[in-house]
Amino acid sequence: MKNSLLIAAMGCAALSLSACTTVKSGMGAIEWNPSSGTLKEPLGEGEHFVSPFSDIYQYDLREQEQQESLDVLANNGLAIILDTSILFKPVNSELYLLQTEIGPDYYRILLGPLLRSGARKVVGRYSPEEIYSTKREEVEKEIFAEINRKLQSKHIQVDGILIRDVHLPKIVQEAIELKLQQEQRALAMQFILDKERKEAERKKIEAAGIADYQQLISKGLTGMLLQWKQIDAIEKLVQSPNSKTIVLDVGKGNFPMILDTKNLETEYQPNSGGKVH
């Protein structure tokens, strides 16, 4: 009985010297205690018994977005405001190093300044028109590359830089938009001209093909061939139940021949004009 009470007392004493901490879903934690300092092994999700004298530093391991409004200068010195978003997260396996080298406030201490510095450096290479319209995606990629180059061995992973909006002085923005509209109209007109030019070229080729065909046919149309074609046509007309009277030209200097397909009787009539009976 005494042994049981002693064990229970020791257990209560041990529990009184420990505390419980909870690491929520998507989080990681680093423990610091007075005796051992910062522990290298991160705490995963769930309940953990730790020293009541320990400090627990929790880190969000999920993708995070931080929005920044950046004041930058274009290559001509014009002031521009960029509304940006940066996507980032700490590297889970490097939480101990992140904690000991930078700390939980790593965005304010490191990431934010790198974003502002990289944006100013990159935007200074471009004109306001390029940033506003044609090269926004290229600017995003260059800022992303610039930040990642400086973040090597800093235990933070950046997954993207997004330029949500570009704010220019109103007069500059209106001038750029007018120029873009004019360029679109010019492109549309060029498309129409190219289409008409191609259509004209097609018709020219088609006409040349027809001319070549006619020239080829005319070379092969001899008098004998035409006479044979005429005889063939007459034969088909005679056999047709719809044919009644056929007038035939039998050649220069000869009388026309009139063929009545009902009784197959042939009559000749002078050129001065006569009637068919």
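Might you check whether a residue that is loosely packed, with under 11 Cβ neighbours inside 10 Å, assigned by TED's automatic domain parsing to the domain that holds THR100, at pLDDT 65 or above and part of a helix (DSSP H, G or I) occurs anywhere in the range 208-216?
No - not one qualifying residue is present in the range 208-216.
Can you tell me which of VAL158, VAL166 is modelled with pLDDT of 95 or more and surrounded by 14 or more Cβ atoms within 10 Å (Cβ to Cβ)?
The conditions single out VAL158.
Would you call LEU82 without any contact (Cβ under 8 Å) to a residue 60 or more places away in the chain and crowded, with 16+ Cβ neighbours inside 10 Å?
When the stated conditions are applied, LEU82 does not pass them.
Please determine whether any residue of the range 110-121 is part of a strand (DSSP E or B), in contact with a strand residue (DSSP E or B) (Cβ under 6 Å, 6 or more places away or on another chain) and at pLDDT below 95. I'd like the intermediate steps shown before the answer.
Of the range 110-121, the ones part of a strand (DSSP E or B) are none.
Scanning the range 110-121 turns up no residue that is part of a strand (DSSP E or B), in contact with a strand residue (DSSP E or B) (Cβ under 6 Å, 6 or more places away or on another chain) and at pLDDT below 95.
Within the bounds of the range 17-26, is there any residue that is at pLDDT 75 or above and closer than 16 Å to LEU97 by Cα? Please lay out each step first, then the result.
Filtering the range 17-26 for residues at pLDDT 75 or above gives 19-26.
With closer than 16 Å to LEU97 by Cα added as a condition, the list becomes none.
Among the residues of the range 17-26, not one is at pLDDT 75 or above and closer than 16 Å to LEU97 by Cα, which makes the answer no.
Can you say whether ILE131 is more than 29 Å from LEU43 (Cα to Cα), loosely packed, with under 15 Cβ neighbours inside 10 Å and either touching a His at 6+ places or on another chain (Cβ under 8 Å) or among the β-branched types (Val, Ile, Thr) (or both), as far as the supplied structure shows?
Working: more than 29 Å from LEU43 (Cα to Cα): yes; loosely packed, with under 15 Cβ neighbours inside 10 Å: no; either touching a His at 6+ places or on another chain (Cβ under 8 Å) or among the β-branched types (Val, Ile, Thr) (or both): yes.
Against the criterion (more than 29 Å from LEU43 (Cα to Cα), loosely packed, with under 15 Cβ neighbours inside 10 Å and either touching a His at 6+ places or on another chain (Cβ under 8 Å) or among the β-branched types (Val, Ile, Thr) (or both)), ILE131 does not qualify.
Return the only residue of ILE171, ILE143 being within 23 Å of the chain's Cα centre (by Cα) and either aliphatic (A, V, I, L, M) or at pLDDT 90 or above (or both). Spell out the reasoning first.
Numbers: ILE171 fails: within 23 Å of the chain's Cα centre (by Cα).
So the residue among ILE171, ILE143 that is within 23 Å of the chain's Cα centre (by Cα) and either aliphatic (A, V, I, L, M) or at pLDDT 90 or above (or both) is ILE143.
The values are calculated or read from the model by the stated rules, or taken from the named source; none is laboratory data. All values derive from a computational prediction rather than experimental measurement. Glycine also receives a Cβ, built like all others from the backbone with ideal geometry; neighbour counts cover every protein chain displayed.
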